[in-house]
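> After the structure tokens below, expect a handful of questions from me.
The values are calculated or read from the model by the stated rules, or taken from the named source; none is laboratory data. These numbers come from a predicted model, not from an experiment. Ideal geometry is used to build each Cβ from the backbone, glycine not excepted, and the neighbour counts take in all protein chains shown.
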Amino acid sequence: MKDKIENLAKQARESLEKVANMQSLNDLKIKYLGKKSELSNLLKEMANLSSEERPVIGALANKVRKEIEEKIAKKEEELAREELAKKLEKERIDVTLPSTKIKRGSKHPVTRVIEEIEDLFVSMGYTVESGPELETDRFCFELLNLPQGHPARDMQDSFYITDEYLLRTQTSAVQARTMLANEEKTPIRMICPGKTYRREDDATHSHQFTQAEGLVIDENITLADLKGTLEIFAKKIIGENSKLRFRPSYFPFTEPSYEVDVSCFKCGGKGCNLCKQTGWIEVLGSGMVHPNVLRMCGYDPEKYSGFAFGLGLERIAMFKYGIPDMRYLYQNDVRFLSQFDR
């Protein structure tokens, strides 16, 4: 039996020298170390040995088993290293080759306009406020001097959810919220860009659009402050050569009220198809905050005054980037949006 075990060890060594891959190594492992291996079968015959021979044969069998296990483990490491080296060679990447250009997205033109306006007004000491898009009738109308039955409500075809709640038709609701939240009634300088909703849908209007509302409340605020602020806005956002024209108008929450036109950026005020040969394009509404609005929001109109203005940001984006139809902004046409990735 001793000779059989030694011959088995010799065969195992010779076989391991010839192994070239993991599959062959696993086969040898089963052949020499498995439950049905030749070594296991030889050990079963130990029951027929004398008590003197059993320890000698047992020690030899364990020695051979340990030797085979070590050689198999060593061979396994060698094969693993060889396979890894082959894999790395096959999958090697030449980092000096030019990379594939990754197509980057771009900011939506309305987002660009929002960020520009926020940066401008924050630099002028304003805060950026926000409010809910699902608004109450009180904040959307009543606190802005539009009580129930007021004819000006018909000017805004609204999306009512219930008798009390509606999708806000203007970001002016945030002005009322900001004024009421200011319990100490200290001066306010704020701007609030956000989505608004009305029943409109044509080339220059949308049922959902983005507004930016500005509000300043302080002592001794005059129309000159409003005009100066809007002139800075027009020159920084629309163009340095922009000129403004104020036309008397009517808004329930301001008195006096003005529509503000900017000189046509396309023709420079000479007249073209964009400005309908007038040289001017309407951009926003503005005015001095109505005393009733101040009073309802807790400000003494004898002490405080203020101005407010609101503009549609899609229209500013159209002017700024020469977009002829507002609906292009929301059709998600990659060909259109890719023009703004530069």
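> From the list Ile316, Ile323, Ile281, exactly one residue is in contact with a Cys (Cβ under 9 Å, 6 or more places away or on another chain) and aliphatic (A, V, I, L, M). Which is it?
It is Ile281.
> Follow-up. When you scan the stretch 287-301, do you find a residue that is under 19 Å from Ala224 (Cα atoms), touching a Leu at 6+ places or on another chain (Cβ under 9 Å) and surrounded by fewer than 17 Cβ atoms within 10 Å (Cβ to Cβ), even just one?
yes
> Filter the stretch 268-303 down to the residues that are in contact with a Gly (Cβ under 7 Å, 6 or more places away or on another chain), assigned to a loop (DSSP other than H, G, I, E, B) and on the phi < 0 side of the Ramachandran plot and list them by number.
Lys270, Thr278
> Just to be sure, is Lys276 surrounded by fewer than 17 Cβ atoms within 10 Å (Cβ to Cβ), touching a Cys at 6+ places or on another chain (Cβ under 6 Å) and over 19 Å from Leu223 (Cα atoms)?
no
> Across the stretch 77-113, which residue is surrounded by the most Cβ atoms within 10 Å (Cβ to Cβ) among those that are in contact with a helix residue (DSSP H, G or I) (Cβ under 6 Å, 6 or more places away or on another chain) and part of a helix (DSSP H, G or I)?
If we take residues in the stretch 77-113 being in contact with a helix residue (DSSP H, G or I) (Cβ under 6 Å, 6 or more places away or on another chain) and part of a helix (DSSP H, G or I), then Val113 is surrounded by the most Cβ atoms within 10 Å (Cβ to Cβ).
> How do the pairs read when you match residues in the stretch 319-342 that are closer than 26 Å to Val262 by Cβ and surrounded by 10 or more Cβ atoms within 10 Å (Cβ to Cβ) with residues anywhere that are at pLDDT below 80 and β-branched (Val, Ile, Thr), using Cβ under 9 Å and keeping only pairs 6 or more apart or on different chains?
Asp325/Thr204; Met326/Thr204
> Follow-up question, since we're still on this one. Kindly list the number of the only condition in (1) under 19 Å from Ile323 (Cα atoms); (2) in contact with a Lys or Arg (Cβ under 7 Å, 6 or more places away or on another chain); (3) in contact (Cβ under 8 Å) with a residue 12 or more places away in the chain that fails for Tyr258.
(1)
> Could I ask something else about it? I'm trying to understand the selection: among the residues of the stretch 304-342, which are out of contact with any His (no Cβ under 8 Å at 6 or more places or on another chain), aliphatic (A, V, I, L, M) and not in a loop (DSSP other than H, G, I, E, B)?
Result: Ala308, Leu311, Leu313, Ile316, Ala317, Met318, Val334.
> Against the conditions (1) charged (D, E, K, R); (2) in a strand (DSSP E or B); (3) in contact with a helix residue (DSSP H, G or I) (Cβ under 8 Å, 6 or more places away or on another chain), where does Asp261 fall short? Just the number, please.
The number of the failed condition is (3).
> Of everything in the stretch 10-52, what is farther than 30 Å from Lys86 by Cβ, at pLDDT below 70 and part of a helix (DSSP H, G or I)? Give them in sequence order.
Glu38, Leu39, Ser40, Asn41, Leu42, Leu43, Lys44, Glu45, Met46, Ala47, Asn48
> Anything in the stretch 103-162 that is closer than 23 Å to Asn292 by Cβ and touching an Asp or Glu at 6+ places or on another chain (Cβ under 7 Å)? List them, or say none.
Listed by number, the residues that qualify are Thr136, Asp137.
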